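The values are calculated or read from the model by the stated rules, or taken from the named source; none is laboratory data. Worth saying up front: this structure is predicted, and the values here are computed from it rather than measured. Every residue, glycine as well, gets a Cβ built from its backbone with ideal geometry; the counts of neighbours run over all protein chains shown. To get the accessible areas, we keep the full protein, side chains included, count just its heavy atoms, and leave off ligands, DNA and RNA. Shrake-Rupley method; radii C 1.70, N 1.55, O 1.52, S 1.80 Å.
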Amino acid sequence: MTYVLSTSIEPPAVPALRRLDPRLRIMSAVAFAITAVALQSLPLLTVMLLVAVMLMIAAKLPVGQTLKRVIAMDSFIIVMIAFLPFTMEGTPIFTLFGFPASYEGLIRAIEIALTANAVVMAMLALAGSMEEVTFGQALHRLKVPAKLVHLLLFTIRYIEVLRQEYRRLRQAMKCRGFRPGTNGHTYRSFGYLVGMMLIRAMERSERIMDAMKCRGFAGTLPMTQRFELRGFDVVFALGFSLFMTAMLMKEYLL
């Protein structure tokens, strides 16, 4: 009896949201952010947050990594949100350590929290789920200045290289018995670390530029990817535009 092992492996299905034209995804993310910032009604902002969560589910983003990014953003604004009720004038609702908290400040803090979380989640779902190179190519097709696109692509390519260089320098400091503290030696050591990072980065950039010139680099990067709108892209664009328009009309006209 002969057994034949099948070598054909079906590729994992790509979520529908990730099959959208990258240019459309970037424009949709920008439109979502502008609309969310323009809204002030808490019910409408809650709807925007729910839509952002739906976009994240549709993009099938990794739950753990996505939550870490959202929590990192929340930890950045939590202090401002916590102090806003005590610094904004209005109707007092309670007192903490002798400081009155206003109702208007509390509403404003909730509004900022809803807006920030909705925008970040939508950005992660629409723009953050695409490959870095594709993101840069899409920006180029949207007529973003070439220098900014080149800077973005080079940063994406070499940020990990610089991080590894930093880890090697820190490991070398530990091997020499360095232990950080609140003293002049620690401050000087970290100053030397930053200076050495700058020197290493400059030296590496010169080597990279020489290598690129040897390969015919003339100041521009080839943008070879081609994008085209399909039927699903048009349907999504129309539906997304109608939803954003409805939110703005509900806020300012109705």
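Results for (1) at pLDDT 90 or above; (2) among the aliphatic types (A, V, I, L, M); (3) farther than 13 Å from Asn117 by Cα, shown as yes or no for each residue.
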position: Ile34; (1), (2), (3): yes, yes, yes
position: Leu39; (1), (2), (3): yes, yes, yes
position: Leu45; (1), (2), (3): yes, yes, no
position: Leu49; (1), (2), (3): yes, yes, no
position: Val53; (1), (2), (3): yes, yes, no
position: Leu61; (1), (2), (3): no, yes, yes
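Looking at the range 83-105 only, could you name the residues that are within 30 Å of Gln65 (Cα to Cα) and touching a helix residue (DSSP H, G or I) at 6+ places or on another chain (Cβ under 8 Å)?
So in the range 83-105, the residues within 30 Å of Gln65 (Cα to Cα) come out as 83-84.
Leu84, the sole residue that qualifies.
With respect to the numbered conditions (1) closer than 30 Å to Pro43 by Cβ; (2) of a type outside the set (D, E, K, R); (3) at pLDDT 85 or above, which one is the sole condition not fulfilled by Leu253?
Evaluating Leu253 over (1) closer than 30 Å to Pro43 by Cβ; (2) of a type outside the set (D, E, K, R); (3) at pLDDT 85 or above leaves (3) as the failure.
Open to solvent by 40 Å² or more (accessible area, probe 1.4 Å), in a helix (DSSP H, G or I) and in contact with a Lys or Arg (Cβ under 8 Å, 6 or more places away or on another chain): which single residue out of Tyr187, Tyr166, Tyr158, Tyr192 fits that description?
Working: Tyr187 fails: in contact with a Lys or Arg (Cβ under 8 Å, 6 or more places away or on another chain); Tyr166 fails: in contact with a Lys or Arg (Cβ under 8 Å, 6 or more places away or on another chain); Tyr192 fails: in contact with a Lys or Arg (Cβ under 8 Å, 6 or more places away or on another chain).
Just one listed residue meets the conditions, Tyr158.
Which is under 19 Å from the mean Cα position of the chain (by Cα) and closer than 30 Å to Arg23 by Cα, of Arg141, Arg157? I'd like the intermediate steps shown before the answer.
Numbers: Arg141 fails: under 19 Å from the mean Cα position of the chain (by Cα).
Exactly one of Arg141, Arg157 is under 19 Å from the mean Cα position of the chain (by Cα) and closer than 30 Å to Arg23 by Cα, namely Arg157.
Based on this model, can you work out whether Ala118 counts as of a type outside the set (Val, Ile, Thr), farther than 18 Å from Phe236 by Cα and in contact with a helix residue (DSSP H, G or I) (Cβ under 7 Å, 6 or more places away or on another chain)?
Taking the combined requirement at face value, the residue satisfies it.
Scan the range 212-254 residue by residue and report those that are without any contact (Cβ under 8 Å) to a residue 12 or more places away in the chain, farther than 25 Å from Leu139 by Cβ and either open to solvent by less than 60 Å² (accessible area, probe 1.4 Å) or assigned to a loop (DSSP other than H, G, I, E, B) (or both).
Scanning the range 212-254 gives Ala246, Leu253, Leu254.
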